[in-house]
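The values are calculated or read from the model by the stated rules, or taken from the named source; none is laboratory data. No experiment lies behind these values; they were computed from the predicted model shown. Here the Cβ positions follow ideal geometry from the backbone for every residue, glycine too, while neighbour counts run over all protein chains shown. Quick note on the areas: whole protein, heavy atoms, side chains included, nothing else; ligands and nucleic acids left out. Shrake-Rupley method; radii C 1.70, N 1.55, O 1.52, S 1.80 Å.
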Amino acid sequence: MSRPSARGARTRRLAVATVALLAGATQFLGTSAAAAATTTDAGHAMTVPECAGLDQMSIPASVMSLPTTGGRVASTSVKTSVVSGATIEYCQVDADIFPVDPSAPDIKMRVALPYGWNRKALMFGGGGYNGTIPDLAENVPFGPADQPAPLARRYATFASDSGHQQSPTAVPSLDGSFGVNDEAVDNFAAGDALKKTRDASLFLIRHAYGTTTTEVYFAGGSTGGREALVVAQRWPTAFDGVISAFPAWNNLSEILDIGYLAQVLSRPGAFPGPEKQTLLYDSVIDACDGLDGVRDKVVSNPRACHFDPHALRCPGGVDTGPTCLSDPQIDAVTAMSSPFRWPYRIASGETEYPGFPFLSGADMRTPFLGFGSTAPADPMPVTSGYGMQYWAQWVKYFLTRDPGHNSLAVDPREPGKWLDRISQLSTIEDRNNADLRPFARAGGRLILLHGAADELVSSRSTSDFYQRVLDAVGPRSTRAFMRYYVVPGANHANFGTPAFAAGWDSLSALERWVERGLPPTNPVVADVNHNRARPLCDYPDWPRYRAGDPDSASSFVCTR
């Protein structure tokens, strides 16, 4: 039996005390007055936020476990919005958390406090380099189309920009200029802003409702997925349950691989343009689609898919047009799909990044998040891949702290004078502590998700992290607090037109596990774009077609 939430236990003790207090009140006020007190004091006051009273409120540094110089509420306003089809009234609180270093940016945070609060709270993670506050009315990553978002369920939701503000002229989520400040880097990459925001938000929630939360959850994807793992690793008692989707947990390791690929793809004739990207993707799907028992444009068994790009080789290896790949393009595609190992040690202990699944179902063409329509160059074109632009920002602001530095001049295979800085940053950006036993002992529950066709953060990397957890914690103990699912055909954040746009009510599954001790059982994931469903299989299982309607999850069985 799972351990009840510590916050839930405190709430139950509070409820017992409240009942005793109200029972005594009947002796002095009478039954009707006591009933009124129950409704007004214990009900209304605990579910309706005191919005105006929070305006300009000081947030003491003492309520945050990490160093700050305190904070202050900048503004409050009562808003009415349609969230998941429902009209939701809530108090929006915008606040700043002040840094220790006066030259560091503030952390800008926001809390949405709904009327009819359910006594729970959920923190959202960010994306890319962050720099903006996530939408507090959004759903969890890979969330369901037919179930309400957390705010519509009357969660108090909160998030921050992770301690820096994106330039209005920058490409969204791709402004790394804050990397010149150490405190800002720690807030973002080490996750310090997460705990500061969590502590300040719960302080404001207590003041708004006059009571504490029963459960606190975290949900995030990509950078937010890494943040989800950070809170489980660093502050095991801070959250009762965590949803981590497509997490960039080994951020520096992936950056080194992307930097190497930027060099490869910048070579003359090496970059496969959009037509050749289409050729590659269609050829892989045609070769591997049927390996799971049905042709549905989804590669459900990517580990059995080993497409050889030499099958698309142009005569003589020379580029003759969009119907084939030249030798430099084959070399580039092979490099993108293979592990990248660096021949030196870094302090995080990481040694490689496992490469991307472009030869087993991932699509280079995904708008914005894919590998772009033009080759990497200096300066880095906005039409190049998302990862290439991320690399350029990292080199300029995190590594060299020289905004004019040519990112293609840094070779991740032989970094030379930059090796020490790379090693130092690895201890901040590679969040690779797989010993999650403290989180499990605290009653925490973790749902880990990734799309098998992710073109930006490799699912192979998440599978590697999961295996490390199994090794550190043990299979039986891991299963007591953690589930990991790989969704065939799903890409990064359902961006563009994925083969399978994943939608699963992971929040309800997490609630049942944390609050009632009921782990996920036979979950089903929907394709929200194509009106079909598949069983959500525990990794390393995958859904194999048996018989029946190929759009029905019951026609598939999880197998290895």
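Would the stretch 484-500 turn up any residue that is more than 24 Å from Tyr155 (Cβ to Cβ), crowded, with 17+ Cβ neighbours inside 10 Å and in contact with a His (Cβ under 6 Å, 6 or more places away or on another chain)?
Within the stretch 484-500 (the criterion being more than 24 Å from Tyr155 (Cβ to Cβ), crowded, with 17+ Cβ neighbours inside 10 Å and in contact with a His (Cβ under 6 Å, 6 or more places away or on another chain)), the answer is yes, since at least one residue qualifies.
For the structure I just gave you, tell me whether Phe358 is assigned to a loop (DSSP other than H, G, I, E, B), open to solvent by less than 40 Å² (accessible area, probe 1.4 Å) and at pLDDT 95 or above.
Criteria met by Phe358.
Kindly indicate whether Ser266 is surrounded by fewer than 20 Cβ atoms within 10 Å (Cβ to Cβ) and touching a helix residue (DSSP H, G or I) at 6+ places or on another chain (Cβ under 7 Å).
yes
Name the residue, out of Ser173, Ser103, that is open to solvent by 40 Å² or more (accessible area, probe 1.4 Å) and either of a type in the set (Val, Ile, Thr) or assigned to a loop (DSSP other than H, G, I, E, B) (or both).
Result: Ser103 is the single residue among Ser173, Ser103 that is open to solvent by 40 Å² or more (accessible area, probe 1.4 Å) and either of a type in the set (Val, Ile, Thr) or assigned to a loop (DSSP other than H, G, I, E, B) (or both).
In contact (Cβ under 8 Å) with a residue 60 or more places away in the chain, part of a helix (DSSP H, G or I) and not aromatic (Phe, Trp, Tyr): which single residue out of Thr462, Thr478 fits that description?
None of the other options fit; the residue is Thr462.
Could you say which residue among Gly503, Gly489, Gly517, Gly496 is farther than 26 Å from Arg365 by Cα and of a type outside the set (A, V, I, L, M, F, W, C)?
Gly517
Okay, residues lined up against (1) out of contact with any Pro (no Cβ under 8 Å at 6 or more places or on another chain); (2) assigned to a loop (DSSP other than H, G, I, E, B):
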| residue | (1), (2) |
| --- | --- |
| Asn494 | yes, yes |
| Thr497 | yes, yes |
| Val514 | yes, no |
| Asn529 | no, yes |
| Ala533 | yes, no |
| Asp551 | yes, yes |
| Val557 | no, no |
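How about the stretch 78-93: which of its residues are part of a strand (DSSP E or B) and over 17 Å from Ala121 (Cβ atoms)?
Within the stretch 78-93, Val78, Lys79, Thr80, Ser81, Val82, Ala86, Thr87, Glu89 meet the criteria.
Quick one: which residue in Arg476, Arg516, Arg483 is within 20 Å of the chain's Cα centre (by Cα), basic (Lys, Arg), over 28 Å from Gly370 (Cβ atoms) and at pLDDT 95 or above?
Selected residue: Arg483, the only one of Arg476, Arg516, Arg483 that is within 20 Å of the chain's Cα centre (by Cα), basic (Lys, Arg), over 28 Å from Gly370 (Cβ atoms) and at pLDDT 95 or above.
Test Ala232 against the criterion of being part of a helix (DSSP H, G or I), touching a residue at least 40 places away in the same chain (Cβ under 8 Å) and touching a helix residue (DSSP H, G or I) at 6+ places or on another chain (Cβ under 7 Å), and give yes or no.
yes
This table checks each residue for (1) outside any helix (DSSP H, G or I); (2) more than 15 Å from Ser384 (Cα to Cα); (3) touching a Pro at 6+ places or on another chain (Cβ under 8 Å).
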site: Ala219; (1), (2), (3): yes, yes, yes
site: Glu254; (1), (2), (3): no, yes, no
site: Asp257; (1), (2), (3): no, yes, yes
site: Tyr260; (1), (2), (3): no, no, yes
site: Leu279; (1), (2), (3): no, yes, yes
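Condition test on Gly474, is it out of contact with any strand residue (DSSP E or B) (no Cβ under 9 Å at 6 or more places or on another chain), at positive phi and open to solvent by less than 40 Å² (accessible area, probe 1.4 Å)?
yes
Identify all residues within the stretch 366-379 that are touching a residue at least 40 places away in the same chain (Cβ under 8 Å) and either acidic (Asp, Glu) or crowded, with 19+ Cβ neighbours inside 10 Å (or both); write none if there are none.
Thr366, Leu369, Gly370, Phe371, Ala375, Pro376
Sort out which residues of the stretch 49-77 are in a loop (DSSP other than H, G, I, E, B) and of a type outside the set (S, T, N, Q), and write them in order of number.
Within the stretch 49-77, Pro49, Glu50, Cys51, Asp55, Met57, Pro60, Met64, Leu66, Pro67, Gly70 qualify.
Output the number of residues of the stretch 80-120 satisfying the condition of being without any contact (Cβ under 8 Å) to a residue 12 or more places away in the chain and over 21 Å from Gly143 (Cβ atoms).
2
Just to verify a result, which residue in the stretch 448-471, among those that are among the acidic types (Asp, Glu) and surrounded by fewer than 24 Cβ atoms within 10 Å (Cβ to Cβ), is farthest from Phe356 (Cα to Cα)?
Asp471
When the residues of the stretch 314-339 are filtered to those that are in a helix (DSSP H, G or I) and either among the acidic types (Asp, Glu) or touching a residue at least 40 places away in the same chain (Cβ under 8 Å) (or both), which remaining residue is most open to solvent (accessible area, probe 1.4 Å)?
Asp331
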